[in-house]
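Below you'll find the structure, written out as structure tokens, and then a few comments.
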Amino acid sequence: MVLGLRNYIDMHLLSRSVSNTSLRAHSFWLSFALIPSISASSSSSFSSKSRAEPISVPSQPPPVPKRVPFTLSLHGHSWQDPYHWMRNTNDPDFLNYLNQENSYAQAFMADTGSLQRTLVAEMKNRMPSKVSTPVECFGPWLYYEYIPEGKEYPVLCRRLQTNKPGWAEKILSYVKAEFRREEILLDWNEVAEKHGYVHVGQCRISPDHNFLAYTLDATGSEQFMLQIKDLRNGCIIPMEPVNGVVSLAWAQDCKTLLYTIADENQRPYRVLCTKLEPGNTDDTLVFMENDPSYCVDLTSTKDGKFITVNSNSRSSSEVYVVDATEPLNGLQRVHERVSGVQYFLEHHFGFFYILTNAPMKENIKCSHEGLYLARCRVGDIQSTTWQNIFYPGEDTCIQDMDIFNGHLVLFLNKDGFPMICSIDLPINVDCKHQMLIEDLNPWFFPIPSNSCSIEPGSNLDFMSSVYRVVLSSPVIPDVIVDYDMARRTFSIVQQEEVLGAPSNARSCSSGYELDTLQQHGIEKDAKDKNVELERWKDFSSTYCCERKEVISHDGIRVPLTILYSPKAWKSSQSPGILHGYGAYGEVLDKSWRVDRLSLLDRGWVIAFADVRGGGGDDPSWHKTGNGLLKQNSIHDFVSCGKYLIDEGYVQRDQLSAIGVSAGCLLIGAALNMYPNLFHAAILKVPFLDILNSLLDPSLPLTMLDYEEFGNPGIKSEFECISSYCPYKNIRPRGCHPSVLVTASFNDSRVGVWEAAKWVAKVRDSACSSCSPSVILTTNMSGGHFGEGGRYIQCEELAYDYAFLVKAMGVDMN
């Protein structure tokens, strides 16, 4: 995969976001990992109490932190922040306050203990005792991961292939057994047992398969440490400690490793080179980025011939190319940086294939401002003109690409839905005519449904003609599919196992999913019609998944996905949850989650609002919901919430909201503007004090986030941010929904003080009957991503669900 800026921000941990708590989240090298999540046994529907019925609260009052006068002034405006002192996390009073809040939250949730235990038991009973990924061929090895029975985290393994022609006939049986011996490359559980926390950032196997380079965070601070393991003897290579490492790339000699180092604000800005040689203590500086709004990332081209040094801001990019055979022989810049212009490249037999949104030639017309595909010869890399290959068609947006010896893979969005196709290589470019994708005889991969998400596998073998993806939807458990691009057929490799699944879950065949192609005006390939029927489990007969378009405040249609059980749901009587994010151009995750069945089977509605600012049909969906237009995101979210109530999906006074990290800007602002719309909310590692944070350039991500949210140093942007900042706009002397706020003390993306300040100020402002039901829990040893273990997540989700049950006044009986 080309690591476009979209992927760069997500994968290299430079946005205020969190990833799913599943093996897929741990599988940084084998990204196709498939993990059964959690579920619930069938049970009767909940009934709802009246909102007027008070929530039981502890006899002890909530903690009251000290107030220290502090005034801020800018652009002729002044405001008070009596909790500014919490910015000093070493203050003993702050540590004491967090511990008091944890005690209060424990007391508040004490009467939900039985419910939590019930939910945890349900979830664990749905989980297979052992889960694993299918093997992936890479060179002479088969790589795979699994979570051992009773363990929290995965183990990365490999074994030699023995099925190549001639091998079995040439070696003795006892030697064959040795060749098939499993090798454990990395055990996350060992690291967690040693340090109490584990987060592996990147794993990179050397081209000769003798070394594993990986980055390790053992504290939650995301100060990743470089480790290199010699796979021939299983030993970690002794070296001077290197911290703050973000990305890695091997040179072709398999003894030279390039890596990026982050500065004190966790911005990767330098590229260094280390050699696996005895006595080597001095690493060589290869590149340094001095612009604080740009971050540096390393990738290798699929064929391994080049290493690309990618310097990216939120909206612009600049790429340098390094010959992987001579990594210290200098860098070649592909194109000078231009504001708003992005480009990412791959290599294929003497050509660089380039995804870019650079302005097109004057005689070329295109209906959108998204990415298109161009190329240039390696020798013409610094040419000011590239050869345009093709443009996406009407209502189609290119999102990413991958490249192989005989095929080009494109990730697309057409009419708001994800698609993927392959094109045979080499491409014969017609320079006289503007070409579209359809002119190149693409094969559009058959997928199950419009609501399906598509995640690429590792796909490391440049010579392969098979492309592996993970398909998932709210009603289709994750299914791993291999698409044979040469034969234009596909096969299902593995699907997530759901223990105790509803008996009426149906199996769907290729005839079901092929119909989705024609919905977008794409003709079925003749070979598709003859493909062997492949089946996967589909729960659409048990759970209804609807996609609606909600009219926002300015007439824009906002996609809303609604999930519920027709059997348990009751019109205008069911409680509901609305998820939202709306930042960085990220698409809201709507993939299968078995834990949702705990609520769906009890009549709850779960909805997903794809508001502006997140990912959409094309880049304009993101641009119309960030910066000076951020309020569009908030209005979109509120409109979706009102739609759920007005259309009878959710009972009035029974709607809740869930936000994570930057998504909490959305939720927090909506709670301020429409406090009676939501009965409860969950804010996880929340970004709530955006104004004060963006005024502090010493904080991680601040300079980078100016492109996303605006720079308060500019008056117009200051006024916009001030108008919706959740912390600044808390309503005085009014009722407030019940809120569970979770934070992590070592969070380097969103300071733990943001959650603490917001809770303290809400308690100051809310009425006496509401303020006790706003609670704060802080993980005193974790980071932005939490613990994330297989069984730990059961307890975390059971806690969240139990809070909503209590806050919404829902009766289990």
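Every number here is computed from the coordinates shown, using simple stated rules; none is lab data. Keep in mind that what you see is a predicted model, and the values were worked out from it rather than measured. Cβ: placed from backbone, ideal geometry, glycine included. Neighbour counts: every protein chain shown.
A few remarks follow.
- Value of relative contact order over the stretch 612-731, rounded to a whole percent, pairs C-alpha under 8 Å and six or more apart: 23
- Per residue, the convex hull spanned by the Cα atoms of the stretch 654-700 measures out at 58 cubic angstrom.
- Estimated translational diffusion coefficient (Stokes-Einstein, Kirkwood radius over Cα pairs, 4 °C, 1.567 mPa s) of the stretch 575-721: 82 µm² per second.
- When each of LYS590/LYS806; LYS630/LYS715; LYS728/LYS761; LYS728/LYS806; LYS567/LYS642 is checked by Cα-Cα distance, pairs over 19 Å: LYS590/LYS806; LYS728/LYS806; LYS567/LYS642
- Long-range amide H partners of TYR581 with built H, under 5 Å: VAL611
- Projected-area mean, the stretch 638-763, by convex hull of Cα positions, square nanometres: 7.9
- A cut-off under 12 angstrom between Cβ atoms defines the neighbours of SER565, and their net charge, with Lys, Arg +1 and Asp, Glu -1, is +3.
- Couplings for the stretch 105-114, taken from phi via the Karplus curve 6.51 cos²θ - 1.76 cosθ + 1.60 with θ = phi - 60°, read 4, 4, 5, 4, 8, 4, 7, 9, x, 5 Hz in order; Gly and Pro are left as x.
- Residue-wise HN-Hα coupling along the stretch 579-589, computed from phi with Karplus coefficients 6.51, -1.76, 1.60 (Hz; x: Gly, Pro): 9, x, 9, x, 8, 6, x, 7, 7, 5, 5
- Environment charge at LEU408 (Cβ cut-off 14 Å; Lys +1, Arg +1, Asp -1, Glu -1): -4
- Inter-centroid distance (Cα atoms) of the stretch 601-626 relative to the stretch 642-681, Å: 14
- Kirkwood hydrodynamic radius of the stretch 301-347, Cα pairs, Å: 11.1
- When the alpha carbon gyration tensor of the stretch 216-300 is reduced to an equivalent ellipsoid, its three semi-axes come out at 22, 16, 11 angstrom, largest first.
- Counting neighbouring Cβ atoms within 10 Å and putting the fewest first, the residues LYS548, LYS66 line up as LYS66, LYS548.
- Charge context of CYS720, other residues only, Cβ under 13 angstrom, K/R +1, D/E -1: 0
- Proximal aspartates and glutamates relative to LYS275, as straight alpha-carbon distance under 18 Å, when same-chain residues fewer than 8 apart are discounted: ASP208, ASP230, GLU240, ASP253, ASP283, ASP323, GLU326
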